[in-house]
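Read through the structure below, which is laid out as structure tokens, and then see the notes.
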Amino acid sequence: MLVADPRTAAAWRLLRQEIAEAAPERRRELLRQRANQSRAADLEMIGRAGLGHVGGDMSVLDILTTLFFGVLRVDPEHPEWPDRDRLVLSKGHTAGALYSTLAAAGFFAPAELATFAAPLSALNGHPNRVKVPGVETNTGPLGHGLPVSVGMAVAGRLAASERHVYVVLGDGELQEGSNWEAAMTAGHRRLANLTAVVDRNRLQQGARTEETSALDPLDDKFRAFGWDVHVVDGHDHLELLDVFTAPRGERPTCVIANTIKGRGVSFMEDRVEWHHKVPSAEQIALAAVELAR
Amino acid sequence: MSFLTQETFDCRVAFADELIALAKQDERIVAVCNDSVGSSNLVGFQQEFPDRLINVGIAEQDMVGVGAGLALSGYIPFVCGASPFLTGRALEQIKADVAYSQSPVVLCGMSPGMAYGELGPTHHSIEDLSWLRAIAGLGIVVPADPDETRAAVRWAAAAATPVFLRIGRFKVPAVTDSFTFGTAGLLRDGTDITVVATGTMVSRALEAAAEAADQGVSIRVLNMSTIAPLDEQAVLAAARETRGIVTAEEATTTGGLGAAVAAVVVSSPSPVKMRMLGVHREFAPTGNTDFLLEHFGLTAADIRAAAVELAHV
């Protein structure tokens with residue numbers, strides 16, 4: 001099990017405070033910069049390892065950054081604090097995005113990112129809760145995160161805890177039926193302490209979702225299952241913050257976050273081949289320039 | 001003497017009684033089920049603890065995932081469903097969400113084996129032991145009678161480890177006096193042949209041993225109620241001290257008890273011949289459980305015949 005990095009955790013606390021106190025436009029800019037730093041770190045990591053899922057990592061990073069730097073009640077130095085909010089990354093193949101975010105928050109030392117996918121590294125191609133603090137359950141096969149998160153939300157209610165459960169879903173993985181079993185349970189039980197965020201980048205491994213097995217109208221689907229649904233720009237940190245911190249109703253919340261796969265790197269954006277293509281050193285350098293803007 | 005004419009018991013009753021008793025003492029205990037409140041015998045639990053019975057409906061993948069989420073949040077979930085659907089439908093959740101995630105869920109496979117008789121192979125759970133034994137870190141316990149069921153439930157609630165309990169519906173007599181996870185129960189000592197049996201086959205193995213004694217064959221009976229991890233020492237001792245081993249299980253022989261014992265025996269310093277009784281990769285014909293156990297050679301007479309034959313090889 002990796003351990004917390006107190007210096008980075010302290011920096012994370014300061015940045016969180018600065019973000020919380022900043023005027024809206026400054027707040028957006030701080031989150032944008034932070035997310036792009038994680039994007040750059042992620043690309044470095046993937047380039048070094050020679051594998052990863054860059055497209056989905058880039059699309060989900062604004063969501064993860066907003067959650068960890070503006071929303072989640074967690075403590076990187078006490079990752080097992082019982083009343084912490086839970087963040088489950090159901091789209092486990094984008095482990096790189098989670099690792100770069102957790103490292104930036106000090107759950108473990110950022111230097112560990114260099115071990116990604118190396119023999120015996122804690123940082124496997126899909127996240128492992130037994131090895132990586134901040135990972136709540138092992139994911140990788142699709143369609144697993146929502147049922148487990150429903151269980152966590154039921155537990156939070158039984159324990160009369162204020163904690164909130166967030167689960168980040170890929171859009172493609174919604175083709176797995178297990179999600180809809182869990183969506184039904186959450187709607188039926190009116191789990192208001194559960195928020196599902198759909199990283200709606202409209203691309204799956206091989207093609208567009210709508211050309212493969214259409215998901216739209218996705219908002220109506222979740223509504224029909226008994227959820228409150230919000231559709232936002234998944235790269236607009238203020239919209240994400242607003243929806244995550246808005247007063248909650250009596251039903252589970254689904255945030256459909258419209259995103260662009262490969263976001264932030266011009267030659268990767270909305271291109272299916274960047275699902276898990278590995279960038280060259282030159283491409284990583286080009287990307288770094290774009291992300292530093 | 002015939003054990004099968006003695007009073008027999010549905011182990012689901014002992015399971016439910018013990019679960020309620022434990023839940024009264026420990027509020028972390030919850031039950032999760034798939035519309036199986038009745039068939040998992042959870043009616044009493046639901047009356048006693050309505051908030052702690054989470055019925056997700058007919059949705060096994062969701063059920064196991066929900067159980068994992070509860071376990072990862074400090075609860076002790078007993079996730080109950082008919083064994084064929086719990087294990088077959090949710091196998092990947094059992095692997096990823098429970099075993100690999102090390103979430104201490106107690107998976108309760110109800111009415112396993114061929115308990116559903118005439119309902120047919122869709123409802124038989126004879127593959128479960130093979131499937132689950134292939135998963136790292138998952139304990140597999142098959143109690144042989146009501147007392148052992150109670151003891152296994154008590155153990156599982158305290159164990160804080162992923163485990164599968166196979167809870168029988170087909171009625172069995174009381175044959176055990178203790179349960180220790182990972183340890184075979186020596187129910188009868190013998191010097192010629194060892195019968196290693198599990199679940200519904202244990203009482204039949206004892207009956208076979210009593211009858212074989214009349215034919216001059218001395219049979220040791222091991223109740224292998226823990227299939228994983230297997231009590232290898234008990235198997236090695238049997239290979240050393242007796243001349244052959246018969247395994248008996250209400251399951252396929254492809255990867256369950258027989259295969260587990262054989263893997264130990266072939267690499268032991270004193271390998272002995274074996275006979276593996278069970279279902280040999282076949283779908284059952286129509287018939288009730290008694291008929292099917294007879295059809296597949298799983299009666300006391302079949303066990304005795306296999307042991308006597310082996311003793312004379």
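Please treat every number below as a calculation from the coordinates, not as lab data. All values derive from a computational prediction rather than experimental measurement. For neighbour counting, all protein chains shown are included, and Cβ atoms are generated from backbone atoms with ideal geometry for every residue, glycine included.
Label-to-label distance, A:K131 versus B:E118, with points set 7 angstrom from Cα along the beta-carbon direction: 5.3 nm. With N counted as the residues of region A:167-293, its alpha-carbon radius of gyration over 2.2 N^0.38 Å works out to 1.19. Beta bridges from DSSP with both residues in chain A: antiparallel share about 5 percent, rounded to the nearest 5. The residues packed around B:T286, meaning those with a beta-carbon under 14 Å from its beta-carbon, carry a net charge of -4 if Lys and Arg are +1 and Asp and Glu are -1. Can you give me the angle between helix B:146-159 and the longest principal axis of chain B, using Cα atoms only, in degrees from 0 to 90, rounded to the nearest 10? Taking the Cα atoms of chain B, the angle to B:146-159 is about 50 degrees. For chain B, averaging the sequence separation of C-alpha pairs within contact (under 8 Å, six or more residues apart) and dividing by the residue count gives a relative contact order of 17 percent. The slack in the chain from A:H188 to A:L51, taken as 0.36 nm per residue of separation less the alpha-carbon distance, amounts to 45.3 nm. Which links in A:K91/B:K95; B:K24/B:K171; B:K24/B:K95 stretch past 19 Å when you go from one Cα to the other? Beyond 19 Å between Cα atoms: B:K24/B:K171; B:K24/B:K95. Legend: mean number of C-beta atoms from other chains within 10 angstrom of residue C-beta atoms, peptide B:92-100, equals 5. In order along region B:100-108, phi translates into HN-Hα couplings of 5, 7, 6, 8, x, 8, 9, 7, 10 Hz, rounded to whole numbers, per the Karplus curve 6.51 cos²θ - 1.76 cosθ + 1.60 with θ = phi - 60° and x for Gly and Pro. Taking the average, over residues, of other Cβ atoms within 10 Å as the packing measure, peptides B:261-271, A:36-46, A:152-162 rank A:36-46, A:152-162, B:261-271 from highest down.
Sorting the segments A:214-225, B:274-285, A:86-97, A:199-210 by their mean number of nearby beta carbons within 10 angstrom, highest to lowest, gives A:86-97, A:199-210, B:274-285, A:214-225. With q set to 0.12, 0.16 Å⁻¹, the log10 of I(q)/I(0) for chain A, from the Debye formula over equal scatterers at the Cα positions, is -0.70, -1.34.
Counting Cβ atoms of other protein chains within 10 Å of each residue's Cβ and taking the mean over peptide B:69-81 gives 5.
A Förster radius of 41 Å combined with the Cβ-Cβ distance from B:E7 to A:A159 puts the calculated FRET efficiency at roughly 0.45.
Taking Lys and Arg as +1 and Asp and Glu as -1, the other residues whose beta-carbon sits under 12 Å from that of B:V235 total -1. Shielding value for A:124-134 is 1, the average number of Cβ atoms from other chains within 10 Å of each residue's Cβ. The Cβ shell under 14 Å around B:N34 holds other residues with a net charge of -3, Lys and Arg each +1, Asp and Glu each -1.
Just to be sure I understand: of the beta bridges DSSP finds with both ends in chain B, what percent are antiparallel, rounded to 5? Taking every DSSP beta bridge within chain B, about 15 percent pair in antiparallel fashion. Shape summary of chain B, radius of gyration then Dmax from alpha carbon positions: 18.7, 59 Å. Against chain B, whose longest principal axis is taken from its Cα atoms, helix B:300-311 shows a tilt of about 50°.
I'd like the orientation of helix B:60-71 relative to chain B: the angle between its Cα long axis and the longest Cα principal axis, in ° from 0 to 90, rounded to 10. Compared with the principal axis, the helix lies near 80 degrees. Calculate log10 I(q)/I(0) of region B:185-311 for q = 0.13, 0.14, 0.18 Å⁻¹, where I(q) comes from the Debye formula with a single equal point scatterer on each Cα and nothing for solvent. Calculated log10 I(q)/I(0) at the listed q: -0.45, -0.52, -0.86.
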